[in-house]
Amino acid sequence: MTIAWRSPLGLVLLVLCTIAFVYVLLPILVIVIAPLGATGYLAFPPQGLTLKWYQAALNDQRYLTAVMVSLRIAVASALIACVIGIASAYALTRYEFPGRRLLEALFLSPLILPSLVLAVGLTLFFTRTGLLTGPWRLIAAHVVVCTPYVLRVSLPVLRRFDRSLEEAARNLGATPFQTFFLVVLPVVRPGIVAGTVLAFITSFDELVLALFLAEPGTPTLPVTIYSAVQLGFDPSVAAVSGLLIIATFAVMLLYHLLNALRQQRN
Amino acid sequence: MDIVLRQLRKTYGSAVAVADLSVTIPQGKMLALLGPSGCGKTTTLRMVAGFIEPSAGSIHVGDRDITALPAHKRDTGLVFQSYALFPHLSAAENIAFGLRRRGVAKAEREQRVAAMIGKLKLSGLADRLPRQLSGGQQQRVAVARALVINPSILLLDEPFSNLDAKLREGTGLELSRLQQEYGLTSIFVTHDQSEAMSIADVIAVMKDGELQQIGSASEIYENPANRFVAEFIGRANFLPGRIVAKDGQSLEVALDAGVTVLAQSAETLQPVGRAIALLRPEAIVLVEPGTPQTLTGRVEAVSYQGATVYIHMCLADGTLITCSATPEASRRVTVGERIGLLPVAQRIRLFAE
């Protein structure tokens, strides 16, 4: 059904949509614009125009180190979550075994488990057992919360996957292993990429687990921003967030451009 | 290589999908597994391909027992109903897939793929992805992919069901020509009797997991083993009656419709008792009404099919009957007219009621 926007209902919808979009997008805009102000505190609309807060953020070694720490942890967590997620999604969709539904629910449960509970539990677990050291404790914790995202996305993709493709590959002489890597993975790749990106983002901006489990001395970006905010709200903190938003937009733009290019080539 | 299925059986719990099927397909012949859906034909094919493990029995190709072999070691070429082309690979890469798995060197691989592309009239389409091909082209890629590996046997799972009627016949003949050229022993699964009759050497009719009859198209059409086969293959008129006498191979039947005819039966029937007679449309000759030893029918409809014309008639007791005639003969027939129907004795088959 289409509604003409000139009709009364259309006008109401238009207003509602505008309000919703403004509500969602305005904070992002504020974060990007506010650090442009010259004042030593965050003001909106900004007074004066300067890039010094952005410069300060870029020059602050703490943030740069924290971004690298977060990137490393997010990449490692996303990749491990990707492998575990796909393997378990494959098993859950291909094999019928007792407790399959229970296992599926269990795999997805970190999505509904408060991260504070998980953080406390894992902290106790790691200090008691002394298992894992350095960044691996946080990575392990992030894998727990990231895997459900990969699983969530790959389960329906694998369920919809045409089984006869696997059979065709087997029939042509591919071992089960080759079948998985040469046929299943390439075909379901878009879904898996989406799940892995979700996992990456989840790990990258995760705060609670990082507060409890990050290596002392090398805090992740969310932890660094969090402590900076607690110490005093200097506009360079907002500039860091602004930079992240700009970087995200740049990546999205690049992705769409590449897609458009590829479609043109086909 | 010939294919031998020995006492092949598949059960799911208490449900029997295939019941002790024993069939031998001689080298170079094509067997059609024919039956309605759920008759076990696809299960049988999938057991031969190695996708389903038989509950009992064995499968032999040549002198090799392949029952326990995993699917990828069976060396069977399978054309899927949905074609199952790999969507991320081009037509040429799809065809080359099996050769790559067999470690065929690049030069030979490219040459064999190119030969297949030429043979199946796919030139110019080699670099297209499956979704950029029409249904008929996709089907030819699927056939090329199965043949290029020089499989020891060829399996076809309803390969024409997604093609339109006109394309179907041409593709069927093309496929049967290729199968003969390669001398491939084949199993062909279908629910379409005309498809089975036109391209298979031997037809196995199945129902509820059980083999009903196996034989050439003409054997099955002319001498069906039971009423199910008679009904499933070709058009059939069934007229109930009572067996009154037995004379050697022939049974004398008094049809309820009013005439007494001689009939043969593949079943062992008691010389006295109820039975049902099969009259194919061409086993009834149109004659002047009132001729002795004929039935009288009123013409309900005339259905012109080109080479044959089907005349649908209603008997005095309300039974509907269809007979075939040449277009010339059918021109003398008008709807509503009364006609005499003479059953041809040699063509009548009898079944238990």
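The values are calculated or read from the model by the stated rules, or taken from the named source; none is laboratory data. Source: prediction; values computed, not measured. Backbone-built Cβ (ideal geometry, glycine too); neighbour counts: all protein chains shown. Protein only, heavy atoms only, side chains kept; ligands, DNA and RNA dropped before computing areas. Shrake-Rupley method; radii C 1.70, N 1.55, O 1.52, S 1.80 Å.
Tell me, what ³J(HN,Hα) does each residue in region B:124-138 have, in order and in whole Hz, if you take phi through Karplus 6.51 cos²θ - 1.76 cosθ + 1.60 with θ = phi - 60° and put x for Gly and Pro?
My calculation for region B:124-138 gives x, 10, 4, 8, 7, 7, x, 5, 8, 10, 6, x, x, 5, 4 Hz in order.
Over region B:134-191, what is the mean sequence separation of C-alpha contacts under 8 Å (at least six apart), divided by residue count, expressed as relative contact order in percent? Numbers along the way, then the final one.
Working: 37 pairs, mean separation 26.5, N = 58.
Relative contact order here is 46 percent.
Give me the accessible area of A:ASP162, 1.4 Å probe, in Å² rounded to the nearest 10.
70
Which residues' amide hydrogens lie under 5 Å from the amide hydrogen of B:VAL18, considering only partners 5 or more residues apart or on another chain, with H built in the peptide plane?
B:LYS10
Charges only on Cβ, +1 for Lys and Arg, -1 for Asp and Glu: so what's the dipole of the protein assembly as shown about the Cα centre, in debye to the nearest 20?
Taking the Cα centre of the protein assembly as shown as origin, the dipole is about 1400 debye.
Shape of region A:1-149 from its Cα gyration tensor (a ≥ b ≥ c, root eigenvalues): rounded if a/c is under 1.5, otherwise prolate when a/b > b/c, or oblate?
Details: a/c = 3.02, a/b = 1.28, b/c = 2.35.
Cα axes put region A:1-149 in the oblate bin.
When the accessible area of region B:21-121 is split by element with a 1.4 Å probe, what percent falls to carbon and sulfur? All intermediate terms of the calculation are to be shown ahead of the outcome.
Working: 2030 of 3980 Å².
Here carbon and sulfur together make up 51 percent of the probe-accessible area.
When the helix-only estimate is applied to chain B (DSSP H runs of n ≥ 4, each -39,500 (n - 2.57), divided by the residue count), what is the mean residue ellipticity at 222 nm, nearest 500 deg cm²/dmol? Display every interim value, and only then the final one.
On the way: 9 runs with 87 residues, N = 353.
Theoretical 222 nm ellipticity from helices: -7000 deg cm²/dmol.
What FRET efficiency do you get for B:LEU167 and A:LEU106 if R0 is 51 Å and r is their Cβ-Cβ distance, rounded to the nearest 0.05? Mind showing how you got there, number by number?
Values: r = 51 Å, r/R0 = 0.99.
After rounding to 0.05, the efficiency reads 0.50.
For chain A, what class follows from the C-alpha gyration tensor (a ≥ b ≥ c being the square roots of its eigenvalues): rounded when a/c is under 1.5, otherwise prolate if a/b is larger than b/c, else oblate?
Numbers: a/c = 2.02, a/b = 1.30, b/c = 1.55.
Oblate shape, in that a/c is at least 1.5 and b/c is the bigger or equal ratio.
Take each uninterrupted DSSP H stretch in chain A, measure its Cα extent along the helix axis, and return the ones at 24 Å or beyond whose mean Kyte-Doolittle hydropathy is at least 0.0.
Working: long enough: A:8-33 (36 Å, 2.89); A:61-94 (49 Å, 1.32); A:136-160 (35 Å, 0.92); A:185-204 (27 Å, 1.60); A:235-265 (45 Å, 1.08).
Those that pass (Cα extent of 24 Å or more, hydropathy at least 0.0) are A:8-33, A:61-94, A:136-160, A:185-204, A:235-265.
Where does helix B:91-101 land angle-wise versus the long Cα axis of chain B, in degrees 0 to 90, nearest 10?
Compared with the principal axis, the helix lies near 70 degrees.
Eight or more residues apart or on different chains, and alpha-carbon atoms under 29 Å: count the Lys pairs in the protein assembly as shown matching that.
Step by step, the pairs that qualify in the protein assembly as shown add up to 20.
Report the one residue of B:GLY40, B:ASN150, B:GLY13 whose Cα lies farthest in the direction of the positive end of the charge dipole of chain B (charges on C-beta: Lys and Arg +1, Asp and Glu -1; origin at the Cα centre).
B:ASN150
Would you work out the relative contact order for chain B, in percent, from Cα pairs under 8 angstrom that are 6 or more residues apart? Working shown, then result.
Numbers: 758 pairs, mean separation 56.1, N = 353.
Once divided by the residue count of chain B, the mean separation gives 16 percent.
Report the A-B buried area as the accessible area lost on both sides summed, probe 1.4 Å, in Å² to the nearest 100.
Values: alone 16790 and 16460 Å², together 31550 Å².
Its buried surface, counting both partners, is about 1700 Å².
Taking the Cα atoms only, what angle lies between the long axis of helix B:106-119 and the longest principal axis of chain B, rounded to 10 degrees?
Helix B:106-119 sits roughly 30 degrees off the main axis of chain B.
If you count, for every residue in B:137-147, the Cβ atoms of partner chains within 10 Å of its Cβ, what is the mean?
Numbers: counts 0, 0, 0, 0, 0, 1, 0, 0, 3, 3, 0.
That works out to 1 on average.
Take every Cα pair under 8 Å in region A:58-233 that's 6+ residues apart, average their separations, divide by the length, and report that relative contact order as a whole percent. Walk me through the numbers on the way to the answer.
Numbers: 183 pairs, mean separation 70.6, N = 176.
Worked out over region A:58-233, it gives 40 percent.
Around B:GLN212, which amide H atoms from residues at least 5 apart in sequence, or from another chain, sit under 5 Å from its own amide H, with H modelled in the peptide plane?
B:VAL205, B:MET206, B:LYS207
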